[in-house]
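Just below is one structure, and these are the notes that go with it.
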């Protein structure tokens, strides 16, 4: 039986940092550098934090986000070798639910609906691996946690870190 | 730490058999008896099966379904004693995702968004108990499977059966 991998969406498949930066520039004419997001909750990098929070509730925000560099090719490989589940903590933003499914259908059309999980807390998800940018999801995980680098997690050191999709490929080629 | 229970929606929290019957009567003027649904996939009880399948893709179908008898009082009890997760295989019908969350907010407002999981295949969900009407969800489950009676599962005998929410209460009071 194939081993199972749970893959997060925002900051893993989806370049949501870039999307925050682009939407902020569009609304406020100020371009925040990605460096500013390092080591802090991403929202704190923006002068108008309330406006950035509001993006999360805005129809179209999640649907229009860009795909993370290298994700499509790497996922092609993983989907062949493993049973891959997409596991996204989307439930706080109900308008994002159908947008996230549509987004996946656009960028990863070979992912079956059976393998998509939209949830709140991820603690009841059981797979062999979890690729995620949040410590709160990785800490209670019973399988092998894999920390995908994002600005906000730059200072965390207690999980195996993968900096980008090339490093994800190298990791799964080496095991 | 509280034990965890995963609770299905359709045919467990939601009286979806009744809803099929009501919508069919509304559209075709024919009232199918609940007895007709016993021992067969529910859709096969209806003369026009294609129309019933179409209900599942119709906006408003899931949002307007009635709550199962006894579910609200029994869930009040369970929510106090256990960590309860709602786990619904909704992903085949993307329009149902936000409707299911809205439905839960109406009938079970004390269920936190963190405890809602909308998925396809439930095989990666790990809890101590799963209350579900489908053998395909209960068979691979690693905890204690609990078969909630529905017409279509009447002939299955290989899981602990609970016929209604009173029996769910009795079961969890006795363990």
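Coordinate-derived values only; no laboratory data. Predicted model only: the values in this text are computed from it and were never measured. Here the Cβ is made from the backbone with ideal geometry for all residues, glycine too, and neighbour counts use every protein chain on show.
Over its Cα atoms, what ratio of radius of gyration to 2.2 N^0.38 Å does the protein assembly as shown give?
Numbers: Rg = 21.7 Å, N = 350, 2.2 N^0.38 = 20.4 Å.
Rounded to two decimals, the normalised Rg is 1.06.
Taking the label point 7 Å from Cα in the Cβ direction, how far apart in nm is residue A:40 from each other copy of itself, listed shortest first?
Values, ascending and in nm: 6.5.
I'd like the mean, over residues of B:47-60, of how many other protein chain beta carbons sit within 10 Å of each residue's own Cβ.
0
In nm, to one decimal, how far is the residue B:160 label point from the residue A:81 one, both placed 7 Å along Cα→Cβ?
The two pseudo-label positions are separated by 4.1 nm.
Mean separation of Cα pairs under 8 Å and 6+ residues apart, divided by the residue count of chain A: what relative contact order is that in percent? Spell out each step's value before the answer.
Numbers: 261 pairs, mean separation 51.2, N = 175.
Relative contact order here is 29 percent.
Going by how many other Cβ atoms sit within 10 Å of their own, how do A:33, A:88, B:174 line up, fewest first? Could you put the intermediate results ahead of the total?
Values: A:33 9, A:88 26, B:174 6.
Least crowded to most crowded, the residues run B:174, A:33, A:88.
From the square roots a ≥ b ≥ c of the eigenvalues of the alpha-carbon gyration tensor of region A:66-163, which class results: rounded (a/c under 1.5), prolate (a/b over b/c), or oblate?
The shape class here is rounded.
Please give the helix A:96-107 orientation as an angle from the longest Cα principal axis of chain A, in degrees from 0 to 90, rounded to the nearest 10.
Relative to chain A, helix A:96-107 is tipped by roughly 60 degrees.
Could you sort the peptides A:144-155, A:58-69 by per-residue average Cβ neighbour count (10 Å cutoff), highest mean leading?
A:144-155, A:58-69
So what's the angle, to the nearest 10 degrees on a 0 to 90 scale, between helix B:71-81 and the longest Cα principal axis of chain B?
That helix lies at roughly 20 degrees to the long axis.
How compact is region B:54-104 by the rule of thumb for globular proteins, expressed as Cα Rg over 2.2 N^0.38 Å?
Normalised Cα radius of gyration, region B:54-104: 1.30.
Specify whether the C-alpha gyration tensor of region A:136-175 places it in the rounded, prolate or oblate class, a ≥ b ≥ c being the square roots of the eigenvalues: rounded for a/c under 1.5, otherwise prolate if a/b is larger than b/c and oblate if not.
Note, shape of region A:136-175 comes out oblate.
Work out the mean other chain Cβ neighbour count within 10 Å for the residues of A:91-101 and drop it here as an integer.
5
Angle between the Cα long axis of helix A:16-28 and the longest principal axis of chain A, 0 to 90 degrees, nearest 10?
That helix lies at roughly 10 degrees to the long axis.
Give the distance, in whole Å, between the Cα centre of region B:60-84 and the Cα centre of region B:108-175.
13
Using 7 Å Cα-to-Cβ label points, what is the residue A:57/residue B:49 separation (nm, one decimal)?
Result: 4.6 nm between the two label points.
Rounded to the nearest 500, what is chain A's calculated 222 nm mean residue ellipticity when only DSSP H runs of at least 4 contribute -39500 (n - 2.57) each, over all residues?
Helices in chain A give a 222 nm mean residue ellipticity of -9500 deg cm²/dmol.
Would you tell me the mean number of C-beta atoms belonging to other protein chains that fall within 10 Å of each C-beta in A:109-120, as a whole number?
Average neighbour count from other chains, rounded to a whole number: 6.
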